[in-house]
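Every number here is computed from the coordinates shown, using simple stated rules; none is lab data. Note that this is a predicted model, so its numbers are computed, not measured. Every residue, glycine as well, gets a Cβ built from its backbone with ideal geometry; the counts of neighbours run over all protein chains shown.
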Amino acid sequence: SRPTDAPEASPSAGEPPLILMVDDEPQLLQATRRILQRHGYRTRAHVSSLSALEDLSSGSTPDLVVTDIDMPELDGIELYRRIRAIRPDQKFLFVTGSPERLQACSAGRDREHNLLMKPFDSESLMRAIHHRLATPLAPPAEVNTPSPRP
């Protein structure tokens, strides 16, 4: 499937940041897209993680990938791993409605900015987006399951 609102040109120095969003909930995806566009971001939106992976594999170069964790086909963590295999410097923001998934996906470092809990408001979304775009690449440990507590 094709992404929605997908400009063909790749980002250049003078353009606003490009955010690639992946969520299997179309209404939430479109609402998030509208918030980002109102704040001046360029967007690409996918309801399928496989479609997003294909988009990135074919040359799309987003400044940030915002992905739901719980999705059919390919969950957000596996999407992260596959994208990082082809684009090691790609920045991510993970979104989930499951507190358990939120806990499992964090090594505890900077969790409030790398992971966003659903439902979220536009202020929380924008704060997380701004932080991720301004922050250097976090190590892959941010999506590894933490060791069991003693």
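Ordered by the count of other Cβ atoms within 10 Å of each Cβ, fewest first, Lys91, Lys118 give Lys118, Lys91. Going by how many other beta carbons lie within 10 Å of each one, how would you line up Thr43, Thr96, fewest first? Lowest to highest Cβ neighbour count: Thr96, Thr43.
What is the Cα radius of gyration of segment 20-138 over 2.2 N^0.38 Å, N being its residue count? Scaled against compact globular proteins, the figure is 0.96.
Each of Asp63, Asp23 was scored by other Cβ atoms within 10 Å of its Cβ. Listed from fewest to most, they are Asp63, Asp23.
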